[in-house]
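Undergrad: Take a look at this one; I'll ask things after.
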Amino acid sequence: MLFDFQLSTPAEGLVDITSEVCEAVSESGVNEGICVVYCPHTTAAVTVNENADPDVKTDFIMGMEKTFPDLSTFRHSEGNSDAHLKSSAVGASITLIVTAGRPLLGTWQGVYFCEFDGPRTRKFYVKVMGG
Ligand code: ZN
């Protein structure tokens, strides 16, 4: 089953989408299988990371800015090449194991939509497969 979600994002930042992913898995009725979370945008991404200390989200964005600075020599006319680089580095999708009707996540893990070029209205997909 395929589920789609919409969200409003900040300028740059990580949005916790763990509950939406859990909801999709639950609604699918799949007990054992896999779940793919997919971001259909070129300046955003999805990832799994710590959901305990909110400072991790801030540090994540700060680290990405250091790693992928907005260079004056970039040629892309939209002026958001740094966001395109971050998007590809983090990735457009993640795969989670589904077991006992839930995505298998570690104690400190959450699923995040990563916005690198907001604020925008974005969407993501959750595909759940199994039985
Ligand atoms: Zn662009």
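Read-outs throughout are calculated quantities, based only on the coordinates presented, and are distinct from any laboratory measurement. What you are looking at is a predicted structure, and each value in this text was computed from that prediction instead of being measured. In this analysis, Cβ positions are derived from the backbone assuming ideal geometry, glycine residues included, and neighbour counts consider all displayed protein chains.
Undergrad: What relative contact order, as a whole-number percentage, does segment 8-131 give when Cα pairs under 8 Å and 6 or more residues apart are counted? Walk me through the numbers before you get to the answer.
TA: Details: 243 pairs, mean separation 68.4, N = 124.
Reported relative contact order: 55 percent.
Undergrad: While we're here: Using helices alone, what [θ] at 222 nm do you get for the chain, with -39,500 (n - 2.57) per DSSP H run of 4 or more residues, divided over all residues and rounded to the nearest 500?
TA: Working: 3 runs with 34 residues, N = 131.
Mean residue ellipticity at 222 nm (helix-derived): -8000 deg cm²/dmol.
Undergrad: Also: Label ALA52 and THR18 with points 7 Å out from Cα along Cα→Cβ: what is the distance between them in nm?
TA: 1.1 nm
Undergrad: Hand me the chymotrypsin sites (Phe, Trp or Tyr not before Pro) from segment 25-131 located in a DSSP loop with no more than 14 other Cβ atoms within 10 Å, in residue order please. Write out the running numbers ahead of the final one.
TA: On the way: sites: TYR38, PHE60, PHE74, TRP108, TYR112, PHE113, PHE116, PHE124, TYR125; in loops: PHE74, TRP108, PHE116.
Of the chymotrypsin sites (Phe, Trp or Tyr not before Pro), the ones in loops of segment 25-131 whose Cβ has at most 14 other Cβ atoms within 10 Å are TRP108.
Undergrad: Measure out, as a whole number of angstrom, how far apart the alpha-carbon centroids of segment 27-59 and segment 92-131 sit.
TA: Using only Cα atoms, the two centres lie 3 Å from each other.
Undergrad: Where Rh denotes the Kirkwood radius from the mean inverse Cα pair distance, what is Rg over Rh for segment 51-114? Show your work: numbers first, answer last.
TA: Values: Rg = 15.6 Å, Rh = 14.2 Å.
Here Rg/Rh amounts to 1.10.
Undergrad: Let me ask another. Can you list the lysines whose alpha carbon is less than 19 Å from that of LYS86, not counting same-chain residues fewer than 8 positions off?
TA: LYS57, LYS66, LYS123
Undergrad: Let me ask something additional. Within segment 1-107, report the GluC sites (Glu not before Pro) that DSSP leaves as loop and that have at most 15 other Cβ atoms within 10 Å. Intermediate values should be presented prior to the final figure.
TA: Numbers: sites: GLU12, GLU20, GLU23, GLU27, GLU32, GLU50, GLU65, GLU78; in loops: GLU12, GLU32, GLU78.
Passing sites in segment 1-107 are GLU32, GLU78.
Undergrad: Same structure, new question: How big is the chain on each of its three principal axes, counting only the C-alpha atoms and giving the largest first in Å?
TA: Cα spread of the chain along its principal axes, largest to smallest: 51, 29, 21 Å.
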